[in-house]
Every structure is written in structure tokens, then in C-alpha cells.
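The values are calculated or read from the model by the stated rules, or taken from the named source; none is laboratory data. Note that the structure is a prediction, hence the values are computed from the model and not measured. Cβ sites come from the backbone with ideal geometry, for glycine too, and all protein chains shown count toward neighbours. In case anyone asks, the SASA skips ligands and DNA or RNA and just uses the protein heavy atoms, side chains included. Shrake-Rupley method; radii C 1.70, N 1.55, O 1.52, S 1.80 Å.
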Amino acid sequence: MEIPTINYKNKFQEQASKIDNVQELIAHSKTVEINEYEDKMFVLKELLNNAVILEFATIPIYLQAMWTIKDNKCEVAKSIRNIFQEEMLHMAMVCNMIAGIGGEPKIYNTKNRLSFPSGLPGGVHPKLFLYLEGLNDCSLRNFMEIELPEEIADIYDYDSGELVDIGNISDKNGVIPNGKYDKDHSHNATIGELYDRINELFQELQPKMNVERQLAGPLSWWVMADSNSVSKAIDMIKEQGEGSENVTPASTGMDNLAHFYRFWEVFYQKKIVQEGDKYYFKGANPRPETYTIARVPKGGYKEADVSPEVWHLTNSFDEVYTELVKFLEDAWAIDGRGQAALVNAVEVMFKLEQYALPLMKIPIPGKSENYGPSFRII
Amino acid sequence: MKKKYDYIIVGAGVAAATVARGLLLNKQDTSILILEAGPEIKAKDRRFWWDYITRGERPYTYTYDQKFEADSTGNIEYQTDGVRVKAYGGSTMHWGAWSLRFKPEDFNLHTNTGLGADWPLNYEDLESYYNDAESFLSVCGDENENWVPRSKPYPVPPFQWTAADGEMIKAWEQLDVVYQEGDLNPGVKSKIKSGKMPIARYRKCMTTGTCKYCPIGGRFNAQYVLDDLKNDLRFINFEVRINSPVHHVNVSSKSKIESVTFTDNLTGKEHTVAGETVILASGAYNVPKLLRASKNEFWKDGIGNDYDLVGRFVVSHSLLNVVGKAKTNPNGWFQEYDFPTLMSHSYNTKEHQKKGKIFIFKNRATPNTDIAQLMIDGKNREEIDAIVYGEMEVNIQAFLEEKGKFSNRLEARPGVDRFGLPQTTVHFSRTDEEMKNANDRLQLLEEILVKMGLEITSSKVDKPGGHHTTGTARMGTTPENSVTDKFMRVHNTDNLYVCSNAAFPTGSAVNPTLTLTALAFRLVENLTNSAKTKKNSKKNEWKYQL
Amino acid sequence: MIGGSVCNEQISASLIFAEGQKLTHENKEALWEIFEAIGETWKNTVYSSNNQRSSWFEMLKAKTENAPNYTGEYVNAIYVLNELFTEYGKKEAFKKLFFESDVDNSAPPTTRLAHCKVFVINEFIRMQITAGGFKSWGEANGGEQAKNYHGFLAGTRYNRTPRVRAFDEDPVYSKKENV
């Protein structure tokens, strides 16, 4: 049987579709060939695909971190829940952008099926590995690393007067090394840079946006009717994620700190305040009590290795998670169910807790840690 | 279908779902057959939901008793049409899910007032099961309230009061709780206390306000529980049959229930299936009719009916309705939630019990403007604004507790409904004194609206709606005074239970479902003997009125 | 009486039979124009109707891909409007349809015009209001903008901002977080 080959219009496009690495893709997008408009639209779609995969990749790790917090009404839980909601919003906005230019978002990389432990998709950060390990120093520092802004604001510890350094991410064994933040070990392209390039291309190309398959509702605030709304969306995504030089809500006019700074508050266990024109870590922000879950092993927990009760929970979780992913993709698919699929996705998101929460309370035999959901796409 | 099951449960509503789930979690291979007379109506269907939004239609209303399928005699009309859903999931298909505990005094009505009957158990006996029920139904309530003693907080936080609720809250803060003639005045002054209505909503509620057909399953519906049980691969002996009305419960001796006979409505074929234990969970309307229809050589007048008590003592809630209007609605408030958020138990107390307790709440549907209807009627923007910001109506309502009487009875009448179940007739009368008391209570509500600066435009006691029917197979101590014992088992039987509002000896002033669910949890413990400590506070002399 | 021979043609009051039929892309575009006209006429959209489009489109799909199929009614509405456009011009046509149709909204519709009003216009209006049109009210006298309405999927209440115009229980400590 003849395997059909995809015919690309030209070399530029063929190369663009093969590049896995975001940094390279951004660079490639800046090399221009003859069919400018079409080539740029093509690479714009590729960049957007990378953006949506990046947005979705953070969802499982934020969710499971939030679920390990015992009191789901405490400040930290509320804060992380809000961050998760904003990430969903960002993802929805990017899906709208993709649908607006005629594409169909694929929210996870079908090659690795978003299995954990995982690097950040697109090779955005070669040293960062995300584990499903609940809320702890490692994961919090990883979350900060994901949302890292290009310029970190200067924040001083109020008590010691010293400038607070964010330190480095943990090694493979979950140990955070001593020493100051080493920028070379960080991103080769931040998520911010990716969005900047996407915005640049939209403004340059001013494509006619098709609103037909875009969605606006509780998860997705507005449709991308034109490149203006795209710009507005990208500004919001960046401000909510990495923030800007003005850190506190009072100065940004937002009603909350950017995700990077909120994670830092939880990590450093102090709240950020502004006094005069300086920012300080002042006032205790204690780490809430959590269920200690073990790092979920590569490939997740297998049926043969766990009790029937645990298997029932973890397998049911994976089934519901797979449903969620299918609904989200169906929502923006050509000939998909649109808004109806999004409503289903919203409902199913809550169903995950039904299995995740009991699972996290079960200790692993012979260990001091508990189980956690594997987030497997079946 | 097997020939014999460990348990046969008649009815597929909240009681059946709670009991089945409890039995299966206790022992996964328990064989259970649920027989539901009605059909399965799809929940969360998009087309049904859009038809509800655009046309106000709901897909389950056809299962209601129609007006011509029920009547009432007596000096008050007792409404049966439209009150219950006969389908898989039962009345949880259409309920508002207001989930309140009975108060301690509700279990001792006769001791406290000389009227009605006591329960053969106390609030303390049910308290831990109320916790289970609230967790199961996912009741959202205020952990700072203290209307009743409780050992665990609500599982989910409450819904916030709306801005429109605020006006009534402020009025209550200025009004003393009144004790009318016939009440017991405790001598202490207190203001009317605002509370947040506890409602059964899962955390995924998206405040859509179309609760009667929730698009995402935010409101508890027994269907969801039953679906989960059916889909759970561990529960291999769990079956549900719909379109299967049960017409007869069969015995092998006076005390041993052997089987039930039902009709498969789709084929017309009759089946008899045996059960070790039979649980009637088909509601306060069906249970008494089924018991009385189950005549045999041991039970001449129907099972449990040797003393002619089945169907008697029927009560529901009457609604007190007072409407007031204000000249303007400057904030342009309209309906947002589809459930009330503001309520008070200040008139639902022991002191008010004899004259008549009332449970007050602000009708969530006021103030309101149907903006879409105005547009449909061809009003332009200016005209609509004038109406939205113009005259405002506020409706305060209260459930009135009715006390069971021997002479009030629910029974079958000739004829069947579309599912083959017998039609209903309800004999229901109120005494003159009760009529007067009900009207007196209206004054309490009027006072509130007057305090809000509103002009009263209507004030009346509505006829009782059968939505909260209880009492028709009441619990008690002996067959001479009741139909079921304190574990809801039919007297003189070994293995027939009534898990239904029918078993309640009193109706209190609040919705029955949370209490039913608590009783269902208690029944499961009793059936599986897995009670950690059998709570049994002393009831020396069970008091009742016949 | 508005419109001509198409609008005033007498037809049965029941839903126009349309099982097995589908809307074309052009049909949908024409129906979208009708929907947009509602927001424009009553001036109750923020920016444009675009943010309601996905909800509206979902309703259209639900109504035409399930029984009873509304395709016949939707196509009828397009014909009715085409005649009105020809007679009065677009802007005036919508005005006449919304405000001067003389259709009894609660009676069985027996003309093509009445069908258009009852099954399409009135239902679009209900949908428009619930999907966000209601937000245009609340602020006229300095009050809070409306946040929720019967049928509006406001979103989870585990959010920073309340999903309804809420009573501020603690005006002194007004910065209270919402659960």
C-alpha cells in the first residue's frame, strides 16, 4: 500500500512543519522566502500550535498540585485554582486564534501523548523536567520557571533587606541546588518570546479572521475578530503569566499578581507588597498542608503493581482525562460540536476530582508517600 | 434478569440511588434489581436545553400526573398534578434541591404540641446520617450558621446572597421575631436572622440558572448516581429496569415478603421476581397505593394495613405567598439564580410549633423583568428601560407545616395513568383553627415587606402542593399506631421496608429530601449491620395522635 | 399588515416539516444577520454580537440536527425577510418586523410572517438575552452591571469575581475574597 506523502508548497513550509523546537521555529519564521504571505501564515500556524500545546501541558501539573492541598478553600489553593482558570483561558484564546485562521488546534503532542515526566514541549527549556509530584519546593520552582519573565523584578526581603534571588530548579532527584539563579541553565526561548513573535506576525499579516469556529463563553472571554483582538489577548496572556515591570496589581490595574509572582509568593512563603517604589516580600504566607504524593513513575501506575481499588481510581481518572482532551479538541475542530463540546469539557474537568482526590489519600504500601493521578491519555 | 435478588427496590429516585450505592459499596457483588415504572429521560441533552431556554419546555413534564388523573376531596384542594416526575431519577429530575435538616423539635411534635405524632427516633439518632446525606448530595451551606446542632460542617460553601436579597436582609435586621397568639413566647427579644439556603449543587455548578434542566449536571440528580452504579464494572449484579411498574407485592407468609409482580410496559408481559429483601422507594404517593393493592390471605386489606392506617396522615406544605411592590427598581435587578438564596428559620422554631411553624424565604424569581418577552412584544429600548428600572415586585414565601390527621388520606381511585399506575385521590381538610393560624402567619410576612417600604399587593395561603407529601406509611412503635417501625420496616414483616417520605410521621416546615437521604443511609447501615454504634436515644413513650 | 404575498401566505400553524433537511452556509449567514439585527436594534451588545456567535451557532445546530427539525422555519424566515428587504430596505424591514408585525405572539402562527416571528425571531431574542444581551442593563442609575440571567452560563463560582450581583455582607472589610 502506498503511504500518502504530504506535499508541501515549498521548502520553507516543509522545514517549518518539521521543526520541533520553538526557538528554532521562531528563528525560522524570520527567514523569508518568495511567497511571503502564505509562508508567514504557515509558520504562524506552526507557532500557534506550539503555543497551544505549551498552554495545555501546564494544566495537569497545576491541577494535581492544587488537588494535593488539603484545604481547598485556603488562599494558596484559591490562588492556584485561579491560575489554572487563567491558563485554560489562555489556551482557549489561542485555540480561537488557530480556528480564526482556519486551523484546528491539537492541544497535545500526539507523538509523546503528553506523558509525564515531561520536558516543556517545543524544547523551550532543555533542563526543565515536569513531574507529577504535588505541591512542593521542586514543583513550585518549576512553575516559576515555566512562567519566567524576560526581566524578573527586584524584590527585597523586608526583614533582611536583601534582594531575593529565585535560585535554580531542582535536579533529577528533586534536590534544589544551592546558589544563585543561573540564566544559562534556563529557557532558550520563553513563552513570552513565542507570543511576541505570534503577535508580530498577526499585526504584519492582518489576516481576515473567521469567527465561525471560535468560541466565547465561560472559558473563553472573547473571539478573535481581527488582529486587534489578537493583540489584546496576547497582552493579557503575557501580563497574567509573566507580568511586566510593574509587579503589583495596584500598578497594573489587574486584580491579581502575575502567575510568576504568585508562585514565587508560595515558594518563598511570603507575600509581595509595594512600599514606595520598591517591592518587598513581607508578611507570612505559610505553605498549606498537603497530601504528600510520590512522583508518579514514567508511564504511570500499572494495573499489575497496584491494588484493585487504586487501579479503579487511577484508570477511571485516565478515562475521564482522555474524555476531557477529546472534548476540548472537538470544541474547535472543523465539523466539531463547538460550544456543546466546551460545555461537556467544563463538566468533565470537575469529574477528574472525583477520582484524583481519593487517590491522593491512599498511601503507597511500604512508603511514606501517597498515590497520584497519572494523566494518561488512553 | 435473575429469578431472585438479594434486594428488590421499587422506584428509581434518590432513595433507591442512596440505598443501592450503600449496599454495593458494602459488598460489591450484592444482587439488586431496581424497578422503575417510568421511562428514562435523557439529562444534559443540548436540544432539550435549548428548547427549555427558547420555549420553556422540559422533556419530563409529560410523566406528571395530569389534572384529570387526580382529585382531592375535603375543604382544601390538594394539588397532585405536576408534583412528581415518574421516570428514572424520580423527582430529582425537576427538584430545586433545597436541602435542609429537620430540627430537633420536629421529631417530637406530639410531645411538644399535643398534635400530630412523634417520630420513634430523635434528631441525635439521625445526625451522623445527615452528615452522610449532605456529603452525598453535595449540599452547599454556610458553616457559620447554627440553626441545628451539627457535628460536621457543610461539605461545600454556600451560594452568595444577591444584591436584591440585601433589601430583605436589612429589613430583617430591624424586625423582632414575633410570637403570635398560640405561640410560646420565650420572653427574649431577637431579630429575624438571615440564613443562606442550603442547596445540593456539585462544585461544577456554573450558575446557569436553568436548574430544572441543568445542562452540566450541577444539580444533584439520582440519575447520575444510578448511571455511575450501572457503569461501574465492579457491581456485576446490579440491574435497573425502566418501564416496569410494580403492581403487587407477594408474600409467602404474613411476615415473609417473597416477590413483586411488575408489568413490562413495552411488551405488556407480566413478571414476578423474588427478593430476599424488598424496599419500596417509589414515593409517598405510590407506596401506600402499592401496599393496599397487595391484598392476600394474610393481609386482607393490603400489606401493613391491618389497622387501616396506610395512606392516612398525609401532609404536604402549603405555601404562604405575600407580594409587595416598590415604585422603582433603580438597579434594574432581575432573576439570576434559579433557587432562593435567602431564608430564615426564625419562625421555624419550637415556640412556633403549636400554632404552625413557617420556613420563610425570598422567592428567587423576584424582582424580575422578562426582558426577552418585552422585546418579543415589540417594546423599544426606552420602553424596556422604563420597565426594568420601573416598578419592582418582591415576593416573600413560606412553607407552612401541616399536621397529620387520621381523616386525611391518600389513596387510589379507579383508573390508571399512562404507565399503568393507579390514579390518586386525596382527602385533605384543615380545621378552622388551622385556617386561622395559617392566615395569622401571613401577617408576619406582610410586616417584612412593609418594613422594606413596599406596598402589599397580594397576601394568601396557597393550596398545598403535593411536592412534599409525607406521612402515608408513617413510622411508629406498633402496628396499631403506625405502618412502619423505627427502621422503616413494615410492622409484622421481616423483610419489607419503606424508604420514602411516606415513612415520615411529621412533615416539618422544610423540604423532606435531605431527611429521606439521611434515613436511607441509616437503612443501609441497618441492612448491612455495619453500624459502628447503633445510635438509639431513649424514647420511652412514643406519642402520637390518632 | 406588513410585507406582501410571501409574508401573508396562510400556512398551517404547526412547525414546518423539515425532517432530513439541512441549512446551507448561505442560509446560516443570512440567519446570522437576523441575529445581529436584534443586538443592533435594542443596542444591548458590547462591541458586537460576535461573542454570542458560538452559542447562537450551537443552538442552530441543536435545532436543525435533531427532531423536530427547524430548517423549514429558518428557511421560511429568510424568504420572509427577503420580501421585507425588497419592500422596505434592510433597516426599515427589521424595524417593521420587530415592532410593527401585528403578530399575536401567544397564538398559533398561521402566516409565513407569523411563523418567522414566533419560531425564529422570538426564539433568537430569548437566546440573545440569555447568552449575554442581558448585560446591557443594571448600570443606568449607577448600579452594577448585570452579571447573570436565567440560562446564562456564568461560570464557576470558585472564581475571584462573584457570578451574580452580590450582596456585600461586610461593607467595612469589603476586600473579602469570594470562595
Got at least one residue in region B:132-141 being within 27 Å of B:F313 (Cβ to Cβ), open to solvent by less than 40 Å² (accessible area, probe 1.4 Å) and under 18 Å from the mean Cα position of the chain (by Cα)?
-> yes
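Quick test for you: out of A:K351, A:K361, A:K298, A:K326, pick the one residue that is of a type in the set (K, R), without any contact (Cβ under 8 Å) to a residue 12 or more places away in the chain and surrounded by fewer than 20 Cβ atoms within 10 Å (Cβ to Cβ).
Values: A:K351 fails: without any contact (Cβ under 8 Å) to a residue 12 or more places away in the chain; A:K361 fails: without any contact (Cβ under 8 Å) to a residue 12 or more places away in the chain; A:K298 fails: without any contact (Cβ under 8 Å) to a residue 12 or more places away in the chain.
Going through A:K351, A:K361, A:K298, A:K326 in turn, the sole match is A:K326.
Tell me whether region B:104-115 contains one or more residues that are farther than 22 Å from B:K355 by Cα, small (G, A, S) and open to solvent by less than 40 Å² (accessible area, probe 1.4 Å). Can you show your working first?
We begin by selecting, within region B:104-115, every residue farther than 22 Å from B:K355 by Cα; these are none.
Checking region B:104-115: not a single residue is farther than 22 Å from B:K355 by Cα, small (G, A, S) and open to solvent by less than 40 Å² (accessible area, probe 1.4 Å).
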Next on the checklist: Can you say whether B:Y52 is among the hydroxyl-bearing types (S, T, Y) and more than 17 Å from B:R241 (Cα to Cα), as far as the supplied structure shows?
Outcome noted: yes
Across region A:64-102, the tally of residues that are of a type outside the set (D, E, K, R), open to solvent by 10 Å² or more (accessible area, probe 1.4 Å) and outside any helix (DSSP H, G or I) stands at 4
**Request:** Taking B:D125 as the residue in question, decide whether it is among the charged types (D, E, K, R), part of a helix (DSSP H, G or I) and either modelled with pLDDT under 95 or crowded, with 23+ Cβ neighbours inside 10 Å (or both).
**Result:** no
Subset of region C:122-145, residues buried (at least 20 other Cβ atoms within 10 Å of the Cβ), within 23 Å of B:F159 (Cβ to Cβ) and within 7 Å of another protein chain (Cβ to nearest Cβ), comes to C:I129, C:T130, C:F134, C:W137, C:G138
Among residues of region B:384-406 being assigned to a helix (DSSP H, G or I) and not β-branched (V, I, T), the residue farthest from the other protein chains (Cβ to nearest Cβ) is B:A386
Counted residues in region A:212-223 being open to solvent by 20 Å² or more (accessible area, probe 1.4 Å) and closer than 18 Å to C:L31 by Cβ come to 2
Checklist entry - In this structure, is B:E447 open to solvent by 20 Å² or more (accessible area, probe 1.4 Å), out of contact with any Cys (no Cβ under 9 Å at 6 or more places or on another chain) and assigned to a helix (DSSP H, G or I)? => result yes
Of the listed residues (B:L454, B:L400), the one being open to solvent by less than 30 Å² (accessible area, probe 1.4 Å), among the aliphatic types (A, V, I, L, M), closer than 30 Å to B:N286 by Cα and modelled with pLDDT of 95 or more is B:L400
By residue number, the members of region A:198-225 that are within 24 Å of the chain's Cα centre (by Cα) and more than 9 Å from chain C (Cβ to nearest Cβ) are A:I198, A:N199, A:E200, A:L201, A:F202, A:M224
Residue pairs within 6 Å by beta carbon, gap of at least six or interchain, first lying in region B:187-211 and over 20 Å from C:R163 (Cβ atoms), second modelled with pLDDT of 95 or more and open to solvent by 10 Å² or more (accessible area, probe 1.4 Å), listed first then second, are B:K189/B:D176; B:S190/B:V177; B:K191/B:E173; B:I192/B:L175; B:I192/B:V177; B:I192/B:S346; B:K193/B:S346
Within region C:97-121, residues farther than 19 Å from C:L31 by Cβ, in contact (Cβ under 8 Å) with a residue 12 or more places away in the chain and facing chain B (nearest Cβ under 8 Å) come out as C:E100, C:N105
Given (1) over 23 Å from B:W333 (Cβ atoms); (2) surrounded by fewer than 18 Cβ atoms within 10 Å (Cβ to Cβ), B:Q174 misses just (1)
Expected single match for surrounded by fewer than 23 Cβ atoms within 10 Å (Cβ to Cβ), in contact (Cβ under 8 Å) with a residue 12 or more places away in the chain and within 14 Å of another protein chain (Cβ to nearest Cβ) among B:R47, B:R58 is B:R58
Reported set for region B:220-235 where residues are open to solvent by less than 40 Å² (accessible area, probe 1.4 Å) and either closer than 14 Å to B:G90 by Cα or part of a loop (DSSP other than H, G, I, E, B) (or both) is B:F220, B:N221, B:A222, B:Q223, B:Y224, B:V225, B:L226, B:D232, B:F235
Might you check whether a residue that is surrounded by fewer than 21 Cβ atoms within 10 Å (Cβ to Cβ) and of a type in the set (D, E, K, R) occurs anywhere in region C:110-117? no
Taking region B:314-352 and keeping only residues that are part of a loop (DSSP other than H, G, I, E, B), out of contact with any strand residue (DSSP E or B) (no Cβ under 7 Å at 6 or more places or on another chain) and away from chain C (no Cβ under 14 Å), one is left with B:S346, B:T349
Per the filter on region B:281-306, residues of a type in the set (K, R) and open to solvent by 30 Å² or more (accessible area, probe 1.4 Å) are B:R292, B:K295, B:K300
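Considering each of B:K230, B:K254, B:K295, B:K212 in turn, give the residue that is in contact with a His (Cβ under 7 Å, 6 or more places away or on another chain) and not hydroxyl-bearing (S, T, Y).
B:K212
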Being at pLDDT below 95 and within 14 Å of chain B (Cβ to nearest Cβ) narrows A:G299, A:G336 down to just A:G336
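Give region C:95-108 a look and list any residue that's outside any helix (DSSP H, G or I), of a type outside the set (A, V, I, L, M) and surrounded by 16 or more Cβ atoms within 10 Å (Cβ to Cβ), or say none.
The one that is outside any helix (DSSP H, G or I), of a type outside the set (A, V, I, L, M) and surrounded by 16 or more Cβ atoms within 10 Å (Cβ to Cβ): C:S101.
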Among helices (runs of 4 or more DSSP H) entirely within region C:21-94, at least 3 residues that are within 12 Å of another protein chain (Cβ to nearest Cβ) and of a type in the set (D, E, K, R) occur in C:25-42, C:53-64
Checked pairs for region C:150-172, first within 7 Å of another protein chain (Cβ to nearest Cβ) and under 25 Å from C:W56 (Cβ atoms), second outside any loop (DSSP other than H, G, I, E, B) and not hydrophobic (A, V, I, L, M, F, W, C), C-beta under 6 Å and 6 or more apart or across chains, list as C:G151/C:T130; C:F152/C:T130; C:V164/B:T162
Evaluate region A:282-291: report whether one residue or more is open to solvent by 50 Å² or more (accessible area, probe 1.4 Å) and touching a Ser or Thr at 6+ places or on another chain (Cβ under 7 Å).
-> yes
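In region A:31-63, what count of residues is obtained for those that are open to solvent by 40 Å² or more (accessible area, probe 1.4 Å) and either hydroxyl-bearing (S, T, Y) or part of a helix (DSSP H, G or I) (or both)? Working first, answer last.
Here is the first cut: in region A:31-63, the ones open to solvent by 40 Å² or more (accessible area, probe 1.4 Å) are A:31-38, A:42, A:45, A:49.
In the following step, the residues that additionally are either hydroxyl-bearing (S, T, Y) or part of a helix (DSSP H, G or I) (or both) were identified as A:31, A:36-38, A:42, A:45, A:49.
Going through region A:31-63 one residue at a time, the tally reaches 7.
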Is it the case, given these coordinates, that A:A304 is among the small types (G, A, S), modelled with pLDDT of 90 or more and either surrounded by 20 or more Cβ atoms within 10 Å (Cβ to Cβ) or within 22 Å of the chain's Cα centre (by Cα) (or both)?
no
Considering region B:368-383, residues that are buried (at least 22 other Cβ atoms within 10 Å of the Cβ) and closer than 14 Å to B:W333 by Cα, and then whichever is farthest from the other protein chains (Cβ to nearest Cβ), we arrive at B:T369
